[in-house]
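A single structure is presented below for examination.
The values are calculated or read from the model by the stated rules, or taken from the named source; none is laboratory data. This is a predicted model, so every value here is computed, not measured. So basically every Cβ, Gly included, is an ideal-geometry build from the backbone, and we count neighbours across all protein chains shown. Side chains are part of the model used for accessible areas, which takes the heavy atoms of the whole protein and leaves out ligands, DNA and RNA. Shrake-Rupley method; radii C 1.70, N 1.55, O 1.52, S 1.80 Å.
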Amino acid sequence: QQKVQQSPESLIVPEGGMASLNCTSSDRNVDYFWWYRQHSGKSPKMLMSIFSNGEKEEGRFTVHLNKASLHTSLHIRDSQPSDSALYLCAASFFNMGYKLTFGTGTSLLVDP
Amino acid sequence: NAGVIQTPRHKVTGKGQEATLWCEPISGHSAVFWYRQTIVQGLEFLTYFRNQAPIDDSGMPKERFSAQMPNQSHSTLKIQSTQPQDSAVYLCASSTTGANTGQLYFGEGSKLTVL
């Protein structure tokens with residue numbers, strides 16, 4: 001079973017719309033969550049991180065974390081065609097050192 | 001800052017041949033990671049080094065895969081007797097270390113195709 005599960009697998013939103021992506025860990029030893037973005041043919045790049053319960057906003061991007069439910073979500077408002085990419089959720093775990101475990105990603109398409 | 005450099009960008013091998021992939025991490029970064037990415041499995045952890053020492057190779061298929069970091073500016077991933085299921089994009093990443101910094105800087109990857 002994947003330690004980091006993401007949903008949905010794919011998502012289409014209209015330009016200017018809101019995209020909401022979800023990520024849950026199946027392991028209670030989860031320590032921190034990160035969100036990475038990978039454009040087609042490119043390597044993943046870190047988008048946002050969140051370590052504490054609550055919400056963090058950076059421009060059009062907002063991340064929520066609920067540690068009790070081991071759940072994080074990424075919300076993109078006013079979505080742009082350039083936001084079309086694979087969004088990867090990653091987590092670190094207390095007993096696994098510095099390595100990150102990635103989910104399989106949500107493929108976002110922003111329809112102009 | 002040139003970022004993480006990976007070579008070759010593309011490699012095609014025949015089944016049973018050897019493939020060696022190279023990675024130059026960002027100068028000053030003390031942790032180096034190897035991942036591989038496929039459509040089906042996603043981004044899978046292979047191994048990582050901290051200050052050149054191997055720390056965790058739990059993701060490495062033991063029989064044919066090996067990784068080394070002979071100096072702080074260079075890591076290699078070697079796959080012996082390549083099989084079609086080894087076809088993937090192999091990504092190297094580096095980071096600073098500390099309390100779970102988590103920001104990995106990835107190279108552009110080496111796409112391995114095993115015929």
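Please report the spacing between the Cα centers of the range A:35-61 and the range B:53-115 in Å, no decimals.
23
With unit charges on the beta carbons (Lys and Arg positive, Asp and Glu negative) and the dipole taken about the Cα centre of chain B, which residue among B:S27, B:H74, B:G16 sits farthest to the positive side?
The one lying farthest along the dipole's positive direction is B:G16.
Still on this structure: With labels modelled as points extended 7 Å from the Cα through the Cβ direction, what inter-label distance (nm, one decimal) is found for B:T38 paired with A:D78?
So the label points at B:T38 and A:D78 sit 4.2 nm apart.
Per residue, what accessible area does the range B:5-92 have, given a 1.4 Å probe and all protein chains present, in Å²?
Ligands and nucleic acids excluded, the result is 50 Å² per residue.
At a Cα cut-off below 15 Å, give the aspartates and glutamates reachable from A:K45, other chains included and same-chain residues fewer than 8 away excluded.
A:D83, B:E108
Continuing with the same structure: What's the magnitude of the charge dipole for the range B:11-80 around its Cα centre, counting Lys and Arg as +1 and Asp and Glu as -1 at the beta-carbon? Answer in Debye, nearest 20.
That gives a dipole near 160 debye.
How much of the accessible area of the range B:37-115, probe 1.4 Å, is carbon plus sulfur, in whole percent?
Accessible surface attributable to carbon and sulfur in the range B:37-115 totals 49 percent.
Net charge around B:Q6, counting only other residues with Cβ within less than 9 Å of its Cβ (Lys, Arg = +1; Asp, Glu = -1)?
So the surrounding residues net to -1.
Which of the trypsin sites (Lys or Arg not before Pro) across the range B:1-76 are loop residues per DSSP, with 16 or fewer other Cβ within 10 Å?
Sites meeting the loop and neighbour criteria: B:R9, B:K15, B:K62, B:R64.
Roughly speaking, to the nearest percent, how much of the range A:37-112's 1.4 Å accessible area is carbon and sulfur?
Accessible surface attributable to carbon and sulfur in the range A:37-112 totals 51 percent.
Hey, another quick one. Averaged over A:99-107, how many beta carbons belonging to a partner chain fall within 10 Å of each residue's beta carbon?
5
What is the local net charge at B:T96, summed over the other residues whose Cβ is closer than 15 Å to its Cβ (Lys, Arg +1; Asp, Glu -1)?
Charge balance near B:T96 sits at +2.
Also: Calculate, for B:T76 and B:A2, the FRET efficiency according to 1/(1 + (r/R0)^6) with r their C-beta to C-beta distance and R0 22 Å; round to the nearest 0.05.
The pair B:T76/B:A2 has a calculated efficiency of 0.75.
Taking a temperature of 4 °C and a viscosity of 1.567 mPa s, what whole-number D in µm²/s does Stokes-Einstein yield for the protein assembly as shown with Rh from Kirkwood over alpha carbon pairs?
71
Which whole-number percent is the relative contact order of the range A:1-53 (Cα, under 8 Å, 6+ apart)?
Taking the mean separation of contacting Cα pairs over the length of the range A:1-53, I get 28 percent.
Also, quick follow-up: Chain pair A, B: how much accessible area is buried, both chains summed, with a 1.4 Å probe, in Å² to 100?
1700
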